[in-house]
Amino acid sequence: MLFYEKYIDISQEVLKGFKENSPVIGIDSTILSNFSYPENLKRIYEIEDKIRSNGGVPGIMVILNGRLKVGVSKDELEILAKMEFLTVASKKDIPYLILKRESGVLSFDSALAVGILSGLKVFLTGYLTCDKNPIDINKYIYKDLCEYSFNNIAVISSGIRSEAEMNLIVKNFETNDVPIIGYQIENIPIYNSEKIAKVNYKIETPSEIVSFLTIKWELGITGGVIIFNEQFDEKLEKQEEWKIINLKNLTKNIKIATTIGSEIYRIK
Amino acid sequence: MLFYEKYIDISQEVLKGFKENSPVIGIDSTILSNFSYPENLKRIYEIEDKIRSNGGVPGIMVILNGRLKVGVSKDELEILAKMEFLTVASKKDIPYLILKRESGVLSFDSALAVGILSGLKVFLTGYLTCDKNPIDINKYIYKDLCEYSFNNIAVISSGIRSEAEMNLIVKNFETNDVPIIGYQIENIPIYNSEKIAKVNYKIETPSEIVSFLTIKWELGITGGVIIFNEQFDEKLEKQEEWKIINLKNLTKNIKIATTIGSEIYRIK
Amino acid sequence: MLFYEKYIDISQEVLKGFKENSPVIGIDSTILSNFSYPENLKRIYEIEDKIRSNGGVPGIMVILNGRLKVGVSKDELEILAKMEFLTVASKKDIPYLILKRESGVLSFDSALAVGILSGLKVFLTGYLTCDKNPIDINKYIYKDLCEYSFNNIAVISSGIRSEAEMNLIVKNFETNDVPIIGYQIENIPIYNSEKIAKVNYKIETPSEIVSFLTIKWELGITGGVIIFNEQFDEKLEKQEEWKIINLKNLTKNIKIATTIGSEIYRIK
């Protein structure tokens, strides 16, 4: 029997969003650990505000004193933003952090897991990345595949962080029939790489993407999709840090995420 | 909620077959793209007729103007057989082809998926093959494993197309506990190869194969099996094209498929 | 529909254990094939007696004349212990052995499968091992992962048999979010190896391990955990055979298994 309410607090704003089929957008909270205070707080507020101004509901996820949070208050965000050392929790770590009543930010794989348990269907992320292999740290492993294979979700992403990670992720998506959709683009964006890998389908409009998802899920072909969107101007990238670029491209995708999200929660 | 009737047309012949627990045999439609018109039409009729004369119901699968078909009329087959360029749809492609109202043949992995959604339990195929890895096209990936791992189906196959594909497929079957049954044979047939790999169990009669499946599924060990049957005379192979040999061996397996099929739909 | 009662006999002692939420401990029966008669019988009785004296119920699993057994009588154990050639059945083999009314011991992967079908939640095993790859016998494959990924079980193990197997098992556990718990230890015990690999969480008490499992499963994060416990004195190992050491360390873990088991069957 599931008792996830025992462990997860869903904010009033997110609950209201679910009730009204609003585009609740799942986001991990690594922005808090990637920037230092008070910049981290400012940047996460900007993301939340931009989601709201596009008609969406920000579903940022954290763990605070052993309670999982979907939708986080300003006070709660401030507590985390000020912490000197912030644990980045992977999916596997969640029961342990609850047990120890610890606090931390959720990485994308654990945000996917907690979001899915809570009913989220649309997730927004920067570049997709892999995890280090615990045995051979020169190699990657890709851990999010179970979420994609078994859950009807849409993930809007800026691209893939590196060629090595691209090889592993694309092979895994292909083997497991996870469609790679390019929103108005033909190639998967790979950070700082000239290599080209094609998306499976270039789709021109958000409503066509929603139709694609409706058909897939009504037909019973379970599983998520990844949607890549155009990156911002390449030349800018050379002058800026990875984490800034990652965030800029994520921000650029808010509009498409809320547009798709405004339909996706109506699919039964 | 599933609405697969919105997307799949099941023919009257197949529906009648289901109702009467007849051996409905799932077949992909790549015969249509492997041969040119009118040979492709003639050859697919031959397969259908031989299934019927063995007491079975042919469940050929295609997509026509965005409608999936299980059991295809002569008129529909003719439309596809005459097309100059025929899309070969993989499982992942199905929602996109429905969205775009396109037509095409179904490869074995998508025929498995559509067949399983429609209630088919027995599939007939030629040699098992892998797909090209989209990233490293000198390597293969094997995509059908989810269908085998999670669905109670029996696939009757002529063998495996090459040693490289055999290595990948057998390793995947072994890792995922998919039994490899040899119907009256001890070795997995590999096309044009001297290499020998053993089946897991040599079983002498169709009724014993059905008993094996009944035990497996009643016990709750979910998942499909692959059944290999003897190839026709090796010497003939040297003189003929791959696609002809593939089809001859598939045809040779119709009798065992319908015999097993006549029992398998009664397993609850 | 499942009819597993048609194929599995659960002993009165195990049924009573289930009814009373007693710590029923699943054990494979390879002790019978690893030692010769009458030593094998003596050693398996010792394990059973030690489980009982710790308040547990031994759930040894075998197949006898095509009947699966969970909890085996002295007479039945004696029949198997005396057999000259004992089949070691893998999960995949079970339907075939039932079909042929054969007898044999269950390897750990098939004991996991039969145990899970029967309702067991706690398993005790020696060192974790991999299987030989049927195609490239210099390589291993790891077959138990499906049981860990999809079932809420706890496996108490002595460690991993070799570095090569450790690499494969740890990578698979990590990729699939199976937590590796160290009961009062920080490193995964690897037989006869200086190599060090960390557990995910060092947990100090059995009740904390049970809390971890309760949180994980109530939250809906499906899947098992592996719990490693301290090995006995390293110096002793040099003087003894692998199979003796394996059994000694398994015996050492009975107390922790029954302690965890006395709580785990109460988790809903």
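Results, tabulated for the structure shown:
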| quantity | calculated |
| --- | --- |
| Selection count where residues are part of a helix (DSSP H, G or I) and open to solvent by less than 20 Å² (accessible area, probe 1.4 Å), scope the stretch C:26-58 | 8 |
| Segments classed as helices (runs of 4 or more DSSP H), wholly inside the stretch C:59-162, with at least 3 members that are modelled with pLDDT of 95 or more and within 14 Å of another protein chain (Cβ to nearest Cβ) | C:94-99, C:108-118 |
| The stretch A:120-150: number of residues that are touching a residue at least 60 places away in the same chain (Cβ under 8 Å) and under 14 Å from the mean Cα position of the chain (by Cα) | 11 |
| Any chance C:Lys171 is crowded, with 17+ Cβ neighbours inside 10 Å and among the basic types (Lys, Arg) | yes |
| Verdict on B:Glu20 being more than 15 Å from the chain's Cα centre (by Cα) and open to solvent by 50 Å² or more (accessible area, probe 1.4 Å) | yes |
| Count of residues meeting criterion [in a loop (DSSP other than H, G, I, E, B), of a type in the set (D, E, K, R) and under 19 Å from C:Leu128 (Cα atoms)] in the stretch C:177-228 | 4 |
| Close pairs from the stretch A:1-21: first within 14 Å of chain C (Cβ to nearest Cβ), partner open to solvent by 100 Å² or more (accessible area, probe 1.4 Å), Cβ under 9 Å, at least 6 apart | A:Met1/C:Lys268; A:Phe3/C:Lys268 |
| Residue within the stretch A:74-83 that is under 27 Å from A:Tyr142 (Cα atoms), of a type in the set (Val, Ile, Thr) and either open to solvent by 10 Å² or more (accessible area, probe 1.4 Å) or in contact with a Gly (Cβ under 9 Å, 6 or more places away or on another chain) (or both) present | no |
| Residue in the stretch A:252-266 that is within 11 Å of another protein chain (Cβ to nearest Cβ), on the phi < 0 side of the Ramachandran plot and open to solvent by less than 20 Å² (accessible area, probe 1.4 Å) present | no |
| Inter-residue pairs, beta-carbon under 7 Å, first among the charged types (D, E, K, R) and in the stretch C:173-197, second assigned to a loop (DSSP other than H, G, I, E, B), 6+ apart | C:Glu174/A:Pro134; C:Asp177/A:Lys143; C:Asp177/C:Gly223; C:Glu186/C:Val199 |
| Given (1) within 14 Å of chain A (Cβ to nearest Cβ); (2) in contact with a helix residue (DSSP H, G or I) (Cβ under 7 Å, 6 or more places away or on another chain); (3) surrounded by 21 or more Cβ atoms within 10 Å (Cβ to Cβ), number of the condition C:Gly182 does not satisfy | (2) |
| A:Asn246 being open to solvent by 20 Å² or more (accessible area, probe 1.4 Å), under 25 Å from A:Leu112 (Cα atoms) and free of Cβ contacts under 8 Å to residues at least 40 places away in the same chain | no |
| Selection status of A:Asn229, in contact with a helix residue (DSSP H, G or I) (Cβ under 9 Å, 6 or more places away or on another chain), within 13 Å of chain B (Cβ to nearest Cβ) and buried (at least 20 other Cβ atoms within 10 Å of the Cβ) | no |
| Residue check for A:Asn192: open to solvent by 10 Å² or more (accessible area, probe 1.4 Å), at the interface with another protein chain (Cβ under 9 Å from one of its Cβ atoms) and either more than 21 Å from the chain's Cα centre (by Cα) or more than 28 Å from B:Gly115 (Cα to Cα) (or both) | no |
| Residue check for B:Thr214: closer than 30 Å to C:Gly119 by Cβ and out of contact with any Pro (no Cβ under 8 Å at 6 or more places or on another chain) | yes |
| Residue check for C:Asp93: farther than 11 Å from C:Leu32 by Cα and in contact (Cβ under 8 Å) with a residue 12 or more places away in the chain | yes |
| Every residue from the stretch A:1-12 that is open to solvent by 70 Å² or more (accessible area, probe 1.4 Å) and in contact with a strand residue (DSSP E or B) (Cβ under 7 Å, 6 or more places away or on another chain) | none |
| Search result, residues across the stretch C:202-224 that are open to solvent by less than 20 Å² (accessible area, probe 1.4 Å), at the interface with chain A (Cβ under 9 Å from one of its Cβ atoms) and more than 18 Å from A:Glu5 (Cβ to Cβ) | C:Ile203, C:Phe212, C:Leu213 |
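The values are calculated or read from the model by the stated rules, or taken from the named source; none is laboratory data. Given the structure is predicted, the values throughout are model-derived calculations rather than measurements. Quick reminder, even Gly has a Cβ in these numbers, built from the backbone with ideal geometry, and neighbours come from all protein chains shown. SASA here: full protein model, heavy atoms, side chains in, ligands and nucleic acids out. Shrake-Rupley method; radii C 1.70, N 1.55, O 1.52, S 1.80 Å.
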